[in-house]
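The values are calculated or read from the model by the stated rules, or taken from the named source; none is laboratory data. What you see is a predicted model; the values in this text were computed from it and never measured. Cβ coordinates were reconstructed from backbone atoms using ideal geometry, including for glycine residues, and neighbour counts include every protein chain displayed. Accessible surface is based on the protein model in full, side chains and every heavy atom, while ligands, DNA and RNA are left aside. Shrake-Rupley method; radii C 1.70, N 1.55, O 1.52, S 1.80 Å.
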Amino acid sequence: MKKQILSIIMAGCLLLSMTACSSDKKNTKSASEQTTADTSTSTTSPQEYSKTDFVMSTVLSEKIYGTKDVTQDIKEELDKLEKEQLSWREDSSVVSKINADAQKGTKTKLDSDMTSWVEDSLELARRSNGAFDPTIGRLTRLWNIEGDNPKVPSKQEVKNTLKDTGYTKIHLEKVETQNTAITKKNVDKDIKDNTDKNGDAAKDTDNNTINSTAQNTADNMVNNEANNTPDNTALNEERLETTDKKTNTDESISSIYIEDQCTLDLGAVGKGIACDVAQNYLKQQKEVSGAVIAVGGSILLYGSKTDGTNWNVAVQNPRGKDGEAMGVLSLSGTTNVSTSGDYEKYFMQNGKRYHHILDPSTGYPAESSLISVTVVSDNGLLSDGLSTACFVLGKEKGERLLETYGAEGVFIDQNKKVTVTKGLKDKFTILNEEYTE
């Protein structure tokens, strides 16, 4: 089986060479072997901090631009994400609890983060007509393509395992509740805006309508007509009191129920979720102006480089040597890039290649004539999941799916023909003459 390689960041060009579910410790240097600044380092002039590590069964490659090194902090955030939320191997994780409760026929309460991840995964499963399915974890482990002894299972084994899969067996029941602290913060902001407008209302009798939507509240939109109203202080106080009565101190909580012997596995979007978690963390770091965070084959491009140039993301040549690029994407701002290909994790048996991207409808490696799909999206989970779904669906259906999400992509078929969606036409350059559009 071909070994997984490290996504390379070199000369401002990041090689996107791994799929969304990559894993292989053997080709990775330990964190102690990497050259990186002390995570406590903070300077007054922008610098570049780099670190390579191992999280979520794959390579974590970080490059931070700013005045503070937060590489270790990000690694710890992702370790926590895996152990406490996503890992099916960790008995204490939320996913493990969901699956354990499912075997007992009971529901599991979810916090707002897990609710969002499950909801987005199920929506992607529906839109892709099951090409992406968060319940095929057992099928993946049956093939064991990521392990040391992959094998082609028997038809009966595949059939028996497929009986326990299917995203329609997952039922998410959303319970709308509110968070008083967050709601009050939103209302306070609206009150300040309203108060500022009162001064203008005294000089101008035009209608001033203030629409305030408090977070996660179904019926809290307040329309305040300020026409000929010199003072709205009393109304402000009434709104705040009413809103507080309609909320409680709990976060939005949902429950999940899974039928039969079906299990949840978010591994196919786990690296994308990690990118979203990293982005949320970076948003809180004023000392960081830009970053490149690669978790396996999912990459977060955040902010900008110190020199203001675009991010250059090289796409692996699916039929070339490890680290050989067939093209490069030139992107600006914050976005996510993920690639799924048949070249990263596979094994050969009787002269046939068996890759790790399984078609949930057949239980066997997808046969869509594609060998690589790269997706660019503003959401990490979606870029990760969409690259898998599009690979299974094929180019035509994959393009239509991307359009529904407002995402862009690069499709490479087995004849080395490249299809680039409209939004990337002027951002992607083919470097290898063997490939044509």
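Which order, highest average first, do 53-59, 125-131 follow once you tally other Cβ atoms within 10 Å for each residue and take the mean per peptide? Walk me through the numbers on the way to the answer.
Values: 53-59: 21.7, 125-131: 18.9.
Result, highest mean first: 53-59, 125-131.
Which of the pairs Lys75/Lys97; Lys283/Lys427; Lys63/Lys283; Lys271/Lys345 have their Cα atoms more than 20 Å apart in this structure?
Values: Lys75/Lys97 24 Å; Lys283/Lys427 26 Å; Lys63/Lys283 15 Å; Lys271/Lys345 16 Å.
Where the Cα-Cα span goes over 20 Å, the pairs concerned are Lys75/Lys97; Lys283/Lys427.
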query = For segment 85-165, what log10 I(q)/I(0) values come out of the Debye formula at q = 0.14, 0.16, 0.18, 0.27 1/Å, with one point per alpha carbon and no solvent?
reply = -0.60, -0.78, -0.96, -1.29
ask   = By how many nm would the segment from Lys286 to Thr436 grow when fully extended, if each residue of separation counts as 0.36 nm and the alpha-carbon distance is taken off?
value = 49.7 nm
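Report the gain in length on full extension from Lys397 to Lys80: 0.36 nm times residue separation, minus Cα-Cα distance, nm rounded to one decimal. Write out the running numbers ahead of the final one.
Details: separation 317, 0.36 × 317 = 114.12 nm, distance 3.62 nm.
Result for the pair: 110.5 nm of gain on full extension.
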task = For Tyr364 paired with His171, estimate the spin-label separation in nm (one decimal), with each label point 7 Å from Cα along the Cα-to-Cβ line.
result = 3.5
Nonlocal amide H pairs with Ile371, under 5 Å, H built at 1.01 Å = Ile412, Asp413, Gln414
key: Cα Rg, Dmax, segment 301-437, angstrom units   = 14.9, 52
note = Here the FRET efficiency for Asn129 versus Ser45, based on Cβ atoms and R0 = 45 Å and rounded to 0.05, is 0.30
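Between Thr429 and Arg89, what FRET efficiency comes out of the Förster formula 1/(1 + (r/R0)^6) with R0 = 35 Å and r the beta carbon distance, rounded to 0.05? Show your work: numbers first, answer last.
Values: r = 40 Å, r/R0 = 1.16.
Computed FRET efficiency for Arg89 and Thr429: 0.30.
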key: Within segment 365-383, backbone nitrogen closer than 18 Å to the virtual label 7 Å beyond the Cα of Asn415 toward Cβ   = 367-373
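If you roll a 1.4 angstrom probe over the protein chains with everything in place, what fraction of the accessible area of segment 288-359 belongs to carbon and sulfur, to the nearest %? Before the final figure, lay out the partial values.
On the way: 910 of 2210 Å².
C and S atoms contribute 41 percent here.
For the ranges 285-296, 269-280, what's the packing order if you count other beta-carbon atoms within 10 Å of each residue, average per peptide, and put the highest first? Display every interim value, and only then the final one.
Values: 285-296: 22.3, 269-280: 26.0.
Most protected by this proxy first, the peptides run 269-280, 285-296.
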query = So how far apart, in nm, are the two label points at Lys422 and Asn144 if each is 7 Å from Cα heading toward Cβ?
reply = 4.9
remark   = Once both label points are put 7 Å beyond Cα along the C-beta direction, the Gln261-Ser332 separation in nm becomes 5.5
